[in-house]
2 protein chains.
Amino acid sequence: MTETPDLPGGSGLPLEPSEADLHDLLTRASGFVEDLVSGLRDAPVSWPDLDEGLHAEIRATIDEQGGSFDRGLSLMERGLPEGFNTASPGFMAYIPGGGLISAGIADLVACAINRYVGVSPPAPGMVEIEWRVVRWLCDLFGYLPESRGVLTSGGSMANFSAIVAARNDRLGEDLRGARIYVTDQAHHSIRKAARLAGFGAEAIRIVPRDERLRMQPEALSHAIVEDRRARLRPACVVASAGTTNTGAVDPIEPIADVAREQDLWLHVDAAYGGFFQMTKRGAASFQGIERADSITLDPHKCMFLPYGTGALVARDGEKLRRAHMETADYLQDLDLGEETIPNFGEYSAEFTRSFRGLRVWLPLMLHGVAAFRDALNEKLDLAEHMHAALTETPGLELPWAAGLTVVPFRVAGEPDVANAATRQVLDRVNASRRVFFSTTTIDRLLYIRPCIVVHRTHRDRIDEAIDLIREATGAVHSQK
Amino acid sequence: MTETPDLPGGSGLPLEPSEADLHDLLTRASGFVEDLVSGLRDAPVSWPDLDEGLHAEIRATIDEQGGSFDRGLSLMERGLPEGFNTASPGFMAYIPGGGLISAGIADLVACAINRYVGVSPPAPGMVEIEWRVVRWLCDLFGYLPESRGVLTSGGSMANFSAIVAARNDRLGEDLRGARIYVTDQAHHSIRKAARLAGFGAEAIRIVPRDERLRMQPEALSHAIVEDRRARLRPACVVASAGTTNTGAVDPIEPIADVAREQDLWLHVDAAYGGFFQMTKRGAASFQGIERADSITLDPHKCMFLPYGTGALVARDGEKLRRAHMETADYLQDLDLGEETIPNFGEYSAEFTRSFRGLRVWLPLMLHGVAAFRDALNEKLDLAEHMHAALTETPGLELPWAAGLTVVPFRVAGEPDVANAATRQVLDRVNASRRVFFSTTTIDRLLYIRPCIVVHRTHRDRIDEAIDLIREATGAVHSQK
């Protein structure tokens, strides 16, 4: 072991700490985590100010001799309140998730064992664990044994690999005149995925939506026929199972019919909504999803896992594999021929990456599937409850039913005035630091869009949120 | 909190455990990690057998009611020996890394805080920490303030984003006739990145190498001129700063001259070798690397971090950003205009992903830069020592000096006989379960290529490896 010099002020902790030092690090990290979690209920959800001194201190870290763990934890502690607390029960902006501690424990173990899981021979036991998780994801959508999937860093990479698989399967290497169909409510990562995969901006064709912001299957069909007549090459349609804006779910069954008739790859972006498939209400709204060629899921959303846990499943695993597989001489010792446990690197844009399987498997294994289903049903109930309460609130407009657990609302009225008032309501509610919402714009109207997904969010916080919204709406109206 | 039913046999641990349960989980996970690390020195490096019963048990996990943490840890414990132990001091196959425990502690904390770091406003303090790390990476190569970078899941994604940036900057949306120049020693992820980014297979042009397996700058220049004459569009050259096969370093300075003259994007794949820039020997062999437009680095290799930690730095940050940036209505509340702390999602193929910054920052901050430099110098010394010892070993052939810390060797003789004998030496050495090597093939000759990078590998294990190689070589020769 190369020892660092024992300079004054620096802990100079060796890369491999002694048993006593390792024990001490783990104990203090555990204490930090325990304090953090127990404080989540009462901590402010957001904090507007930046501590410039702290930022200067952070920029001055990293030096030759090293520093103490206490210093590191103290910088963390001071930096954490800044911005907004995505782990808080009051966080309902964007698409939250919360972050299960059991996944953090899995990550600690995964780092310590540091096994290579890109292909199966180096760690068959660990890859079997990951395969168990991926199989469970495939089963959730009734995919047959030939289906496969990969765990990704998030929805963006899952959507990217789906676009690459669609491209490889339907277009080969020639991208000219290709067309991918989405509505304007699709997540921006689809547009980005297409760009990354080499498509020009014109490859994305926007399909009209209905009054509930869902793709119109007839309009999709017409667009494809029109494009074929113009000698373009329709290749892929992307439906959303829960849009980020409003939680809208595209009508998957009729879209799957069009995709089959017109020979298009059907990708369903279920990054936000996918896990509601575990619930009766969710599964009913996703009818036909088992016919999708590929589905994006984000366990860091509706499985409450920490950020950095996405997934892509593909109905025909071989198509995913053919789009991603490469070989190399230095891998020749590994028996990668006959596949008993998948070599996930062959299905993925990544090769070496972390053992994500463990952070999905341990929570599923420990809490059980019922715990997740129950929590998702609770969130659906909470969204319906909030929707009903806000519908009864004078001065607010809710043009749509709750989209899964998104409850978009606005101050009623003409755009110019109403948008400003809606923004004022948002600012007042967020200033409470008890809840935190974000907005979106649809057809030039500003909407606040509470999204209820943190596993720590329960009825008490939702009722508090409703009160805050009513108070703020009253105050903004009385100002007029 | 939705409670899971308290079914017999299942722990039914709630998604948010009680304080006592959380303390218990953390204590037992810490104990598991402590036992694991203290056992690494004596545990077998590899294990040929699979426990079929265990695999069946793993496939039977995940049910409605959940199971106990003890069961989870016990399945892990039984599955871990299978394959080979990439955290062991005896692991010298492929490109190892070891896995610093301090990074695992960072991951535990990162999961618990679960902050969103894709853009800076949600967590300015945490993104400042990540930015400190990225700045340190840029500084390592003398990059100026306009440089930027991203932390990725590994080298494959870093190389992919580099190819996308080169494509966007030099070709725009039109990929026709594009050419990317590499040698046949480049990592397969370059070929894969080009495919993922929409290039056809013909876009990769192989440039001849010299007798030390390094790109020939004159041959590169000729190839480009020839391609331009054929109305093709030379766009990018990828040099290696430490190939995976042999650790060969392409002559970066003259390649940078050609790239400048011919207006090509110069990407340096330093996934394996990059951090040797911290050492005098490494920096001397990478002369000119500061002129690269982009550099791939893998902290999970020569910074000894756990798998899942790659990086890409770009000399002109704006070029990286323009190639990756997208916007969306639902992000309108975030002030992403003036950049004080980078919005890393704008520079990356990813959007939501884990807080990788912490797992690089905490080890650097805690151990200090000197600890890493010293460890890398130690590994360079060990490689030179092994090279000298094997050169003196009768019957072995070492055609090249150690490439950074890769020491390729083979049994001397005609390919047919020698390749078989080399494979026998490998099998004998690996059967010791004290060290583990892998092979590669270059010009039809099989080479064993020890790669010394695990931070736990010291002189005692290298001397043991040398003895094992000598013994095996003697035994194989005496069989003839």
Inset, instruction - Give just the number: which of (1) within 27 Å of the chain's Cα centre (by Cα); (2) farther than 15 Å from B:Ala283 by Cα does B:Gly403 not satisfy? - result: (2)
Legend entry - Residue satisfying all of: in the stretch A:31-57; assigned to a helix (DSSP H, G or I) and closer than 20 Å to B:Leu334 by Cα; farthest from the other protein chains (Cβ to nearest Cβ) among these: A:Glu52
Legend entry - Residues of the stretch B:408-425 that turn out to be part of a helix (DSSP H, G or I), without any contact (Cβ under 8 Å) to a residue 12 or more places away in the chain and either of a type in the set (Asp, Glu) or buried (at least 21 other Cβ atoms within 10 Å of the Cβ) (or both), as a count: 1
Legend entry - A:Glu202 at pLDDT 95 or above, surrounded by fewer than 18 Cβ atoms within 10 Å (Cβ to Cβ) and within 10 Å of chain B (Cβ to nearest Cβ): yes
Legend entry - Residues located in the stretch A:41-68, provided they are buried (at least 20 other Cβ atoms within 10 Å of the Cβ) and under 31 Å from the mean Cα position of the chain (by Cα): A:Val45, A:Ser46, A:His55, A:Ile58
Legend entry - Enumeration of residues in the stretch B:441-480 that are assigned to a strand (DSSP E or B) and in contact (Cβ under 8 Å) with a residue 24 or more places away in the chain: B:Ile442, B:Leu445, B:Leu446, B:Tyr447, B:Ile448, B:Cys451
Legend entry - Test set (1) in a loop (DSSP other than H, G, I, E, B); (2) more than 27 Å from B:Pro122 (Cβ to Cβ) - A:Leu305 fails condition number: (2)
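Considering each of B:Thr473, B:Thr405 in turn, give the residue that is over 30 Å from B:Gln277 (Cα atoms) and open to solvent by less than 10 Å² (accessible area, probe 1.4 Å).
B:Thr473
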Legend entry - Which numbered condition B:Val117 fails, given (1) surrounded by fewer than 24 Cβ atoms within 10 Å (Cβ to Cβ); (2) more than 7 Å from chain A (Cβ to nearest Cβ): (1)
Inset, instruction - State which residue is farthest from the chain's Cα centre (by Cα) when the search covers only the stretch B:295-315 and only residues that are open to solvent by 10 Å² or more (accessible area, probe 1.4 Å) and of a type outside the set (Phe, Trp, Tyr). - result: B:Arg315
Legend entry - Members of the stretch A:25-83 that are touching a residue at least 24 places away in the same chain (Cβ under 8 Å), closer than 21 Å to A:Leu15 by Cα and of a type in the set (Ser, Thr, Tyr): A:Ser68
Legend entry - Selection count, the stretch A:316-348, where residues are touching a strand residue (DSSP E or B) at 6+ places or on another chain (Cβ under 8 Å) and either surrounded by 22 or more Cβ atoms within 10 Å (Cβ to Cβ) or in a strand (DSSP E or B) (or both): 6
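Kindly indicate whether B:Ala271 is touching a Ser or Thr at 6+ places or on another chain (Cβ under 8 Å) and of a type in the set (Gly, Ala, Ser). I'd like the intermediate steps shown before the answer.
Values: touching a Ser or Thr at 6+ places or on another chain (Cβ under 8 Å): yes; of a type in the set (Gly, Ala, Ser): yes.
It is true that B:Ala271 is touching a Ser or Thr at 6+ places or on another chain (Cβ under 8 Å) and of a type in the set (Gly, Ala, Ser).
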Inset, instruction - Give the residues of the stretch A:371-393 that are farther than 27 Å from B:Glu16 by Cα and free of Cβ contacts under 8 Å to residues at least 40 places away in the same chain, sorted by residue number. - result: A:Ala388, A:Thr391, A:Glu392
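Evaluate the stretch A:94-113: report whether one residue or more is over 29 Å from A:Gly274 (Cα atoms) and either assigned to a helix (DSSP H, G or I) or facing chain B (nearest Cβ under 8 Å) (or both). Before the answer, list the steps.
Within the stretch A:94-113, the first condition is being over 29 Å from A:Gly274 (Cα atoms), and the residues that meet it are A:112-113.
Narrowing further to those that are either assigned to a helix (DSSP H, G or I) or facing chain B (nearest Cβ under 8 Å) (or both): A:112-113.
Within the stretch A:94-113, one or more residues are over 29 Å from A:Gly274 (Cα atoms) and either assigned to a helix (DSSP H, G or I) or facing chain B (nearest Cβ under 8 Å) (or both).
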Inset, instruction - Check A:Ala311, A:Ala284 and return the single one that is among the small types (Gly, Ala, Ser) and in a helix (DSSP H, G or I). - result: A:Ala284
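Which is among the charged types (D, E, K, R) and closer than 30 Å to B:Tyr116 by Cβ, of A:Arg315, A:Arg281, A:Arg321? Show your work before the answer.
Numbers: A:Arg315 fails: closer than 30 Å to B:Tyr116 by Cβ; A:Arg321 fails: closer than 30 Å to B:Tyr116 by Cβ.
So the residue among A:Arg315, A:Arg281, A:Arg321 that is among the charged types (D, E, K, R) and closer than 30 Å to B:Tyr116 by Cβ is A:Arg281.
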Inset, instruction - Check A:Val182, A:Val225 and return the single one that is open to solvent by less than 10 Å² (accessible area, probe 1.4 Å) and of a type in the set (Val, Ile, Thr). - result: A:Val182
Inset, instruction - Restrict the check to the stretch B:320-331 and report whether at least one residue is closer than 22 Å to B:Glu146 by Cβ and of a type in the set (Lys, Arg). - result: yes
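If a residue has to be among the charged types (D, E, K, R) and touching a residue at least 24 places away in the same chain (Cβ under 8 Å) to count, how many in the stretch A:297-338 make the cut? Break it down stepwise before answering.
Of the residues in the stretch A:297-338, the ones among the charged types (D, E, K, R) are A:298, A:301, A:315-316, A:318-319, A:321-322, A:326, A:329, A:333, A:335, A:338.
If we keep only those that are touching a residue at least 24 places away in the same chain (Cβ under 8 Å) too, we end up with A:298, A:301, A:315-316, A:318-319, A:321-322, A:335.
The qualifying residues number 9.
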Inset, instruction - Tell me which residues, restricted to the stretch A:136-147, are free of Cβ contacts under 8 Å to residues at least 40 places away in the same chain and facing chain B (nearest Cβ under 8 Å). - result: none
Legend entry - Of the criteria (1) more than 8 Å from chain A (Cβ to nearest Cβ); (2) surrounded by 24 or more Cβ atoms within 10 Å (Cβ to Cβ), which one B:Arg353 fails: (1)
Inset, instruction - Quickly run through the stretch A:65-91 and pick out the residues that are more than 7 Å from chain B (Cβ to nearest Cβ) and either acidic (Asp, Glu) or in contact with a strand residue (DSSP E or B) (Cβ under 8 Å, 6 or more places away or on another chain) (or both). - result: A:Asp70, A:Glu77, A:Pro81, A:Asn85, A:Ser88, A:Gly90, A:Phe91
Inset, instruction - Can you tell me which residue among B:Gly403, B:Gly413 is under 17 Å from B:Arg470 (Cα atoms), out of contact with any Lys or Arg (no Cβ under 8 Å at 6 or more places or on another chain) and among the small types (Gly, Ala, Ser)? - result: B:Gly413
Legend entry - Where B:Leu100 falls short, out of the listed (1) open to solvent by less than 10 Å² (accessible area, probe 1.4 Å); (2) within 30 Å of A:Asp49 (Cα to Cα); (3) touching a helix residue (DSSP H, G or I) at 6+ places or on another chain (Cβ under 7 Å): (2)
Inset, instruction - Check the stretch A:366-380 and report whether any residue there is in a loop (DSSP other than H, G, I, E, B), touching a Leu at 6+ places or on another chain (Cβ under 9 Å) and not aliphatic (A, V, I, L, M). - result: yes
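How many residues, within the stretch A:381-400, are assigned to a helix (DSSP H, G or I) and either surrounded by 22 or more Cβ atoms within 10 Å (Cβ to Cβ) or away from chain B (no Cβ under 14 Å) (or both)?
Step one: filter the stretch A:381-400 for residues assigned to a helix (DSSP H, G or I), giving A:381-391.
Those left that are additionally either surrounded by 22 or more Cβ atoms within 10 Å (Cβ to Cβ) or away from chain B (no Cβ under 14 Å) (or both): A:382-391.
Number satisfying all stated conditions: 10.
Answer with yes or no whether A:Asp250 is among the charged types (D, E, K, R) and buried (at least 19 other Cβ atoms within 10 Å of the Cβ).
On the way: among the charged types (D, E, K, R): yes; buried (at least 19 other Cβ atoms within 10 Å of the Cβ): yes.
Spelling it out, A:Asp250 is indeed among the charged types (D, E, K, R) and buried (at least 19 other Cβ atoms within 10 Å of the Cβ).
The values are calculated or read from the model by the stated rules, or taken from the named source; none is laboratory data. Worth saying up front: this structure is predicted, and the values here are computed from it rather than measured. Positions of Cβ are backbone-derived with ideal geometry, glycine not excepted, and every protein chain shown enters the neighbour counts. In case anyone asks, the SASA skips ligands and DNA or RNA and just uses the protein heavy atoms, side chains included. Shrake-Rupley method; radii C 1.70, N 1.55, O 1.52, S 1.80 Å.
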